[in-house]
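The structure under discussion appears below in the form of structure tokens.
The values are calculated or read from the model by the stated rules, or taken from the named source; none is laboratory data. All of these numbers come straight from a predicted model, not from anything done at the bench. FYI the Cβ positions are ideal-geometry reconstructions off the backbone, even for glycines, and counts take in every protein chain you see.
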Amino acid sequence: MRKIAVGLLSLFRKVLLFWYGLTGKTLEDVAEQRIVSGRSWEEFCDTLKAAGASLSFPGAPRDPFSQAEGYRYLTRLTRAGLEAFVEFADPKAPILHRVAHETVKLGADNPDNYYQTARINGAWDYEITGQRNSVHYLSFGTQIGHYGEGGGMPPSGFLEGSDIHVESDGSFKIILSKDRREGNWLPMAENSGTLIVRQTFLDREAEQPAQLEIRRLDGDSHPGHVTPRLIDDGLKSASTLVAGASLLFAKWARDFQNHSNELPMFDQEVSNQAGGDPNINYYHSHWALAPDEALVIDAVPPECDHWNFQLNNYWMESLDYRYYTIHTNKHLASYRPDGSVRIVVAHEDPGVPNWINTVGHESGTMCFRWIRAANKPQPQTRVVKLADVKSLA
């Protein structure tokens with residue numbers, strides 16, 4: 001249904017462009033009319049209102065606590081959308097900013113990640129300069145389109161941090177272009193619209209993220225003036241992000257309930273199309289526990305750059321990792337003598353290592369990740385009584 005809606009929207013826009021051409025109007029002319037008439041703002045508000053439907057999507061919890069979190073989630077997406085598509089929307093002067101962080105969460109955002117994104121234009125060339133510093137994992141990707149368009153974001157280029165040549169002083173530069181370049185090169189396509197940077201910590205408190213800047217190379221790199229079209233497009237994209245992302249992840253969360261308290265591997269192609277890192281294998285699912293129950297997860301971590309497990313609310317927002325232990329990873333976890341790891345999700349501390357706190361939630365979603373794994377072992381899960389956790393073999 002979502003693909004059909006996106007396809008119809010794309011077709012509608014093409015028809016509008018054709019009609020504007022026949023009438024002699026430009027997109028700038030139309031944007032001016034929409035801004036002056038107030039239609040831009042009205043449609044922005046109408047789309048935000050419609051986004052509330054994701055909170056009543058089939059399968060969504062309707063209790064007051066979950067619904068309150070859902071409305072907070074929509075306000076967070078709105079804030080992220082306005083920053084991305086109004087404040088930082090000019091590909092002439094791109095700004096790397098954090099679209100997901102401690103108080104803006106979506107799509108099972110990784111507590112170990114420092115996410116950054118910037119608006120780009122595949123027709124132009126860019127340069128990223130930076131200091132590598134000590135963060136464990138670093139990757140750069142270009143994607144077709146951008147988050148506010150409502151469709152998928154297939155990858156157009158990827159550069160792994162370990163493949164980047166770094167100078168002896170820790171500095172490096174990367175060229176973004178359609179045509180191959182010598183040195184560190186991140187490919188783009190003509191319709192590339194988004195740069196995504198992922199930095200992943202083993203120990204967030206001890207490691208320093210890479211310091212990065214981006215600038216346009218082949219033309220004026222100063223930001224343009226505010227225009228009616230910039231604001232009209234920005235409001236459309238921001239509201240489409242809120243409606244599209246909330247609907248997409250509401251559907252995912254509903255589907256995850258088909259294998260609640262299990263951790264099957266997620267479809268890699270679906271992940272890539274949604275902007276996921278191709279080096280990461282995901283195990284997404286739903287969880288639900290009674291007050292006296294615990295979810296026990298056993299896994300044998302493979303040789304890999306990194307792995308982690310996290311707990312989310314139903315809306316696929318990571319729980320508050322600033323104040324609660326809602327995740328563990330390759331560095332933080334306690335291992336068993338045979339090299340395996342046992343993770344226990346429970347409402348109360350069961351008195352064993354690797355306890356993951358539900359933070360007052362009775363159910364939600366969860367995610368296990370292997371990053372650049374030599375093989376992909378299946379995490380095993382079982383629901384047991386909380387009182388029995390210590391006596392498990």
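Brief remarks follow.
- Matching strands (runs of 3 or more DSSP E) fully within segment 286-371 where at least 2 residues are of a type outside the set (Phe, Trp, Tyr) and under 26 Å from Ser271 (Cα atoms): 293-299, 306-312, 327-329, 341-346, 363-371
- Residue match in segment 383-393 (condition: closer than 22 Å to Trp307 by Cβ and not aliphatic (A, V, I, L, M)): no
- Failed condition for Leu230, given (1) within 23 Å of the chain's Cα centre (by Cα); (2) part of a helix (DSSP H, G or I); (3) not basic (Lys, Arg): (1)
- Pick from segment 74-119, criterion of a type in the set (S, T, N, Q) and in contact with a Phe, Trp or Tyr (Cβ under 9 Å, 6 or more places away or on another chain), ranking: farthest from His284 (Cα to Cα): Thr117
- Segment 51-64 residues that are assigned to a helix (DSSP H, G or I), paired with ones that are at pLDDT 95 or above and charged (D, E, K, R) (beta carbon under 9 Å, 6 or more apart): Ser54/Lys251; Leu55/Arg62; Ser56/Arg62
- Qualifying strands (runs of 3 or more DSSP E) (wholly inside segment 119-193; at least 3 residues being more than 19 Å from the chain's Cα centre (by Cα) and not acidic (Asp, Glu)): 126-131, 171-177, 185-187
- Count of segment 317-357 residues which are within 24 Å of Glu207 (Cβ to Cβ), exposed (fewer than 14 other Cβ atoms within 10 Å of the Cβ) and among the basic types (Lys, Arg): 1
- Any chance Ala393 is part of a loop (DSSP other than H, G, I, E, B) and under 22 Å from Tyr282 (Cβ atoms): no
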